[in-house]
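Okay, so here's the structure we're looking at.
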Amino acid sequence: MLSSIIMVIYRIIALLILTIPTGLNMYNNGGIVSSIIYVPLITLVLSAIAIFFDGKLENFLNRSLILTKFAKPITNLYLKNTNDIGISKSVI
């Protein structure tokens, strides 16, 4: 629950950061060169950085969930070992 809230907040902040170059270009009445070349390139670089950190944050938040899934089950330690046909190894 907490990890999903953190991811949503991060993605909203990333979206706001990605819109900054476009907003600044519209506010400053940028020229044709900045509108066609600089703003898309800056947005592309910022989105690549945001995607990288999104993956890292998601892996960090889900690490504890993954580790608990692969924990060694305690109840199976005390079961008898049987082969494929169901005969106990003590009989064979």
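The values are calculated or read from the model by the stated rules, or taken from the named source; none is laboratory data. From a predicted model like this one, the values you see are computed outputs, not experimental measurements. All Cβ positions, even for glycine, are placed from backbone atoms using ideal geometry, and neighbour counts span all protein chains on display.
Tabulated values for the structure
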item	result
Condition check for Leu77: at pLDDT below 60, surrounded by fewer than 11 Cβ atoms within 10 Å (Cβ to Cβ), assigned to a helix (DSSP H, G or I) and not β-branched (Val, Ile, Thr)	yes
Sole exception among (1) farther than 22 Å from Asn62 by Cβ; (2) part of a helix (DSSP H, G or I) for Ile5, by number	(1)
Check on Ile42, modelled with pLDDT of 90 or more, farther than 25 Å from Ser4 by Cα and surrounded by 11 or more Cβ atoms within 10 Å (Cβ to Cβ)	yes
Boolean, Leu24 is among the hydrophobic types (A, V, I, L, M, F, W, C), in contact with a Leu (Cβ under 9 Å, 6 or more places away or on another chain), at pLDDT 85 or above and surrounded by 10 or more Cβ atoms within 10 Å (Cβ to Cβ)	no
Among the candidates Asn62, Asn29, residue that is of a type in the set (S, T, N, Q), loosely packed, with under 10 Cβ neighbours inside 10 Å, at pLDDT 80 or above and out of contact with any Ser or Thr (no Cβ under 6 Å at 6 or more places or on another chain)	Asn29
